[in-house]
Every structure is written in structure tokens, then in C-alpha cells.
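The values are calculated or read from the model by the stated rules, or taken from the named source; none is laboratory data. Here the structure is a predicted model, which means the values were calculated and not measured. Cβ placement follows ideal geometry from the backbone for every residue including glycine, while neighbour counts extend to all protein chains displayed. Side chains are part of the model used for accessible areas, which takes the heavy atoms of the whole protein and leaves out ligands, DNA and RNA. Shrake-Rupley method; radii C 1.70, N 1.55, O 1.52, S 1.80 Å.
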Amino acid sequence: MFADRGAVAGSGAPANEPPARPASDGEDVSSTMAWIYLLLAIIFEIVFALGASASHGFTKLKVSLITVVGVVGGIYFISLALKTLDVGVGYPIWTGVGAVGTVIFGALIFKEKITPAKVVCFIAIIGGVVGLKSLAGA
């Protein structure tokens, strides 16, 4: 189902190094574009999460359509970002920043409470995101 991430016997690749990413349609996404795609994926993720709440179980048509656009857009842009970024970097950043953004906008839009414990968790998530971003090139 998934491509083997390790070296293939007889391929000439060292066993301790993962194989190079396969070429995509002849063009590789630049690192800057990959981060832009990730930012767009995060925005769509937040729209999806807020829309899922506001749709009241998909009983409100307009909000339900916005929610579907959010989930499709999020998956589309994360897939573009992951052409270049490692999944172990891109996916946790997508979900972590999306979660923090959802809590912040949930407080602004739906008047949900942000408690001191939530703030501590935000700091932990943001610290992890900063760490992953700084290690992305390592």
C-alpha cells in the first residue's frame, strides 16, 4: 500500500538512508512553496473544524458546503506540502497549528473559554511546531 521507505536490496542505496523522494510530474515543489501550501492547508483545516461545529451535524446547507470545501482544501494543500516536507514534520505542524487556530477562533466566534490550562497547552504545541520547523532541514 505504501512505498517502502527503506533502501531496497541491490539498489546501491545505503541501508541506513531512506530512498530519495520520487520525482513528481517533472517538477519539485520549492521549500518556500511547500511552507506556503502548508499554511493554506492549516487555514482550510481551521475552516473545516469551525464549519463542522457550526453546521450542527450537517443540517445547515451553506455552512456544510463551507465545511466540505475546508476539508477538501486542507487535504489537497497538505498533500502538495508533503511532496517536499517530511510527513513527520508537515503533518504534526498542520494538525498542531490547526488545533491552536481552531481554539482561538472558537473563542472569538463561538465564545468558547480559553483557560490557563489551554494556554499552557498552546505553548507546548507552538514549542513543538517551532522545534519541528527548525529541524526540518536537519
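Quick look at the values:
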{"read-out": "Number of the condition not met by VAL87 [criteria: (1) of a type in the set (A, V, I, L, M); (2) open to solvent by less than 50 Å² (accessible area, probe 1.4 Å); (3) under 20 Å from LEU132 (Cα atoms)]", "value": "(2)"}
{"read-out": "Selection within segment 74-103 - in contact with a Leu (Cβ under 8 Å, 6 or more places away or on another chain) and of a type in the set (S, T, N, Q)", "value": "THR102"}
{"read-out": "Selection from segment 94-124 of residues that are of a type in the set (Lys, Arg) and surrounded by 13 or more Cβ atoms within 10 Å (Cβ to Cβ)", "value": "LYS118"}
{"read-out": "Filter result (in a loop (DSSP other than H, G, I, E, B), charged (D, E, K, R) and at pLDDT 95 or above) within segment 20-65", "value": "LYS60"}
{"read-out": "All positions within segment 55-84 that are among the small types (Gly, Ala, Ser) and either surrounded by 19 or more Cβ atoms within 10 Å (Cβ to Cβ) or without any contact (Cβ under 8 Å) to a residue 24 or more places away in the chain (or both)", "value": "SER55, GLY57, SER64, GLY70, GLY74, SER79, ALA81"}
